[in-house]
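We did not get these values from a lab; they are worked out from the coordinates using the rules stated. Predicted model, so just to flag it, every value in this text is computed and none were measured. Here the Cβ positions follow ideal geometry from the backbone for every residue, glycine too, while neighbour counts run over all protein chains shown.
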Amino acid sequence: MNRELLKKIAFALSALLVFALILLSIGIIWMYTIWGRNLTINDFLFQVATLQGTGSEMVVGFMIGALLPSAAITGGLVYLFFFIRKKDPEGRHMFMWKFTLAAVTVTAWCMLIFGIKWLGADSYFGFAGFRASGEDAYVPPVIEEIRPVAVQVTEAGTPEEQGPWDEFQNSLAEEMTPWEKGPSRDFIESYYVDPAGVELTFPEEKRNLIYIFLESMEVTFADRELGGAFDVNVIPRLSALSQENENFSGSYGADSLLDGGYAYNGGTWTMGAIFSQTSGLPLQTGAIGRNDMDTQEVFYPTITTIGDILEEQGYRQIFLIGSNSVFGGRRLYLENHGGYEFRDLIWAKQTGRISPGYYVWWGYEDMKLFDFARETLTELAAGDEPFNLTMLTVDTHMTSGYVCELCGDEFEDRYSNVYACSDKQVAEFIDWIKQQDFYENTTIVIVGDHPTMDGMYCRNIDPNYLRRVYTCIINSPVKPVRDAYRSYSTLDMFPTTLTALGVTIPGGRLGLGTSLYTNQRTLTEELGYSALSSSLSRYSSYLDELGSIVPTDVSGNDIFIAEDGTVTITSPDGGQAIMYPDGTQVLVSPDGSQTITSPEGIQTFVAPDGTMTVIEPDQ
């Protein structure tokens, strides 16, 4: 290979390196523009790892906002190089190109380093080491006095007989114990309360549950007078529902402020949100993409979730969704934890509810989802078992949402009109439920799954405003025992939902969550938002152990690395390649035959019938 060819190859590789550096730097800035300052390393890694489930608008936006500018800058540098070399063959002015290249490279590196620090990558990957949780520097908010059930006195001067839930209400106020951090250096293991070790008590007559995940729904979208961050409230009906029922704002309640839960790392996308709210744990997927849990055979197999608990109590559970339930591991998770029935896009087509070729947005629109929900609830109410209908809307997904035939044009921007349309549909659905016979014994939980990832929609809010998901619990048999505006997260929804069903939880805690009806502080109140957010951003070996996640390569092969260094690769057809630390390799064919190669090169063939053939290296 001659010297000139080597120079050309080196130049091409250098150009590619500069292009990659510029693209990564501009890509981070572009994502900041789209998702806003709440973007974390989890969100960034998810977006760059997969385009599955991403609308074409996002792909086009990335090409225009990041790919084309990066290509233009790199192209400009290459053009400048050849232009100078042509005009000055002896290279006397080549310093102009070198100076420009150096300036662009240094700028890109600075942008990249800033972006990595801003995304929290130093903490996520352990560069910053294990930092203290910061509880000593955090002053918890004042929580007002306990609000027990008052004992009424009759005209005859004798105490009035208490209602069926009064004793349960008062029992919620009996304990007030601090979080007891365990001895582990792993943050999650130190604070985790395993539901399997808590003796839960259900009421004699079990209450039904309707759990509604609202895609990207936030308290933020209400006006400032109600605790939101917008000039005009785009979700007035949902705001009224939350005010009239329970959002844990205490005495600030009706006709005043809204309250909602923070979404911490591990719960800032749909699958993570479903997992966090039903297990009290953040979702960490380790070596696979955040929405690649559908490549696994199990989904956190050793944990106990609300689905497991309700299944054991004889609940019939249905998950209703307008897209394919397989995506992100949703079907796997809910099958593993609760034995849910699934009514998704595939179900709707197979049962003739929509035509085989129908597809809009992510599947079918929420207008149809609510019709199917009414049908499903009527069916469930006719049965003998208590039920749990969990459903997920999708029209309000970024970017800008899906405009259906029910959407109006009250607002100037599309996304606000989509949110207003969802606001109306949910309120009408709740009105319908209240008219049904089953409503009296049914608790309704309405929660945003996570804050919207559309940063442009929230670009004008106060930079000090901490965004929270929408929260509303309707028809709970009890009220919170603390008259307080609570600081809580979506992790707290796990035990809170069970309490809203009348379930006694000794200690009031499950997972990393605290029941907001009880006389207990949440982890957010104990440690503070910043300290808890940082702690949950770090890798957890404990979560890794609970997850039992098997990495999968691009060909669909599962890769498992044991503690002793043994690597097992399993192909989709069932074949395996096992590599031991001592150098021994074992190939297992789908038909059961094996080829064992020792470190010395000796091969042993074992047929399915057990026949063995040994071949020495010199043969």
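Do any of 368/479; 434/479; 181/206; 349/434 go past 22 Å between their Cα atoms, and which?
368/479; 181/206; 349/434
Take residue 204 and residue 11, extend 7 Å from each Cα along the Cα→Cβ direction, and tell me the distance between the two endpoints in nm.
8.9
Identify, among 357, 324, 334, the residue whose Cα sits farthest towards the positive end of the charge dipole of the stretch 307-366, taking +1 on the Cβ of Lys and Arg and -1 on the Cβ of Asp and Glu, with the dipole about the Cα centre.
Value computed over the given set: 357.
For a quick check: with amide H placed at 1.01 Å from N, whose amide H comes under 5 Å from residue 510's, ignoring anything fewer than 5 positions away on the same chain?
Sorted by chain and number, the residues that satisfy this are 515.
Can you tell me which of 295-303, 482-490, 583-591 comes out highest on packing, and rank the rest after it, using the mean Cβ neighbours within 10 Å?
482-490, 295-303, 583-591
Could you give the size of the charge dipole of the stretch 223-278 about its Cα centre, using +1 on the Cβ of each K and R and -1 on the Cβ of each D and E, expressed in debye and rounded to the nearest 20?
So the magnitude is around 220 debye.
Which residues' amide hydrogens lie under 5 Å from the amide hydrogen of residue 479, considering only partners 5 or more residues apart or on another chain, with H built in the peptide plane?
none
Sort 320-326, 492-498 by packing, meaning the average of other beta carbons within 10 Å per residue, with the highest value first.
Top of the packing list down: 492-498, 320-326.
Long-range amide H contacts for residue 452: which residues qualify at under 5 Å (H placed 1.01 Å from N, peptide plane, sequence gap of 5 or more or a different chain)?
For residue 452, no residues qualify.
Under a cut-off of 22 Å between alpha-carbon atoms, report the lysines in cross-link reach of residue 87, not counting same-chain residues fewer than 8 places apart.
Within reach: 7, 8, 98.
Bin width 20 Å, origin at 0, all Cα-Cα pairs of the stretch 135-520: what percent of pairs per bin?
With a bin width of 20 Å, the distribution comes to 28, 60, 12, 0.
Report the full-extension gain for the segment residue 346 to residue 573: residue separation times 0.36 nm, less the Cα-Cα distance, to one decimal in nm.
Length gained, residue 346 through residue 573: 79.2 nm.
Subtracting the Cα-Cα distance from 0.36 nm times the residue separation, let me have the gained length for residue 105 to residue 378 in nm, one decimal.
Here the answer is 92.0 nm.
Please compute the length gained on full extension between residue 410 and residue 434, using 0.36 nm multiplied by the number of residues separating them and subtracting their Cα-Cα distance.
5.9 nm
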